[in-house]
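Novice: Encoded as structure tokens, here's the structure I'll be asking about.
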Ligand code: RTP
Ligand code: MG
């Protein structure tokens, strides 16, 4: 499997619950390294731009409102098969369908407030990492 990077966002609901550390620990225990990280209050323009692929979807407005409802923690995760590994750790989009022991099963309240974002492909990961990080703000360790 290839060494990959993926973009992870701990969403406003999980930041409000004070579980940033618990979520980051799951990434580290699964062998993913945090190679970039920052806290950020997204602007409406940033949230709309980040989720632009969904702009025609009925849930777009609610998604943007939710993503700007409080600060988020944005990270770049690195590891073997990082994109899929992170998606497995996250669980299904709707926490009611998320497998036991996944981040969304344990921390998410609803399909809207679902605790974490993770890139869905290596190609999108590269685009999403560039959206939030300069090359010099991502390290190797
Ligand atoms: P994310 O992009 O945030 O990691 O979530 P995802 O890949 O699991 O789901 P995606 O299809 O990309 O949708 C992005 C976010 O939009 C909200 N959503 N609501 N009401 C609905 O049917 C619906 N579908 C999606 C979710 O909050 C999802 O995380
Ligand atoms: Mg998605």
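Every number in this text was worked out from the coordinates using simple rules, so none of it is lab data. Just so you know, these numbers come straight off a predicted model, no measurement behind them. All Cβ positions, even for glycine, are placed from backbone atoms using ideal geometry, and neighbour counts span all protein chains on display.
Novice: Please report the spacing between the Cα centers of the range 23-46 and the range 73-141 in Å, no decimals.
Specialist: Cα centroid to Cα centroid, the span is 8 Å.
Novice: Could I ask something else about it? For the chain, modelled as a GNM with alpha-carbon contacts under 10 angstrom, which of 44, 104, 57 fluctuates the most?
Specialist: The residue with the greatest mean-square fluctuation here is 57.
Novice: For residue 39 paired with residue 2, estimate the spin-label separation in nm (one decimal), with each label point 7 Å from Cα along the Cα-to-Cβ line.
Specialist: Inter-label distance under the simple model: 3.5 nm.
Novice: Normalised by the number of residues in the range 1-138, what is the relative contact order in percent for Cα pairs under 8 Å and 6+ residues apart?
Specialist: Working: 237 pairs, mean separation 53.0, N = 138.
After rounding, I find 38 percent.
Novice: Now, a different point. Taking a ≥ b ≥ c as the square roots of the Cα gyration tensor eigenvalues, with a/c under 1.5 meaning rounded and otherwise prolate when a/b beats b/c, else oblate, which class fits the range 70-121? All intermediate terms of the calculation are to be shown ahead of the outcome.
Specialist: Details: a/c = 2.20, a/b = 1.29, b/c = 1.71.
Oblate shape, in that a/c is at least 1.5 and b/c is the bigger or equal ratio.
Novice: Please give the contour-minus-distance gain from residue 139 to residue 30: 0.36 nm per residue of separation, less the Cα-Cα distance, rounded to one decimal in nm. Don't skip to the end; give the middle numbers.
Specialist: On the way: separation 109, 0.36 × 109 = 39.24 nm, distance 1.91 nm.
Result for the pair: 37.3 nm of gain on full extension.
Novice: OK, next. Could you list, bin by bin from short to long, the percent of Cα-Cα pairs of the range 1-78 in 10 Å steps?
Specialist: Final binned percentages: 18, 44, 31, 7.
Novice: Taking the chain as a Gaussian network, Cα atoms linked when under 10 Å apart, which of 46, 56, 78 shows the biggest mean-square fluctuation?
Specialist: Of 46, 56, 78, the most mobile in the Gaussian network model is 56.
Novice: Checking the a/c ratio against 1.5 first, then a/b against b/c, what shape does the Cα gyration tensor give for the range 22-141?
Specialist: Values: a/c = 1.65, a/b = 1.10, b/c = 1.51.
Judged from the Cα gyration tensor, the range 22-141 comes out oblate (a/c at least 1.5, b/c at or above a/b).
Novice: Counting only helical runs of four or more DSSP H residues, what would the 222 nm mean residue ellipticity of the chain come to if each run contributes -39,500 (n - 2.57) and the total is spread over all its residues?
Specialist: Values: 7 runs with 55 residues, N = 141.
The helix contribution divided over the chain gives -10500 deg cm²/dmol.
Novice: Still on this structure, please answer the following. Connecting C-alpha atoms closer than 10 Å in a GNM of the chain, tell me which of 127, 74, 103 has the biggest fluctuation.
Specialist: Sorting by GNM fluctuation, first place goes to 127.
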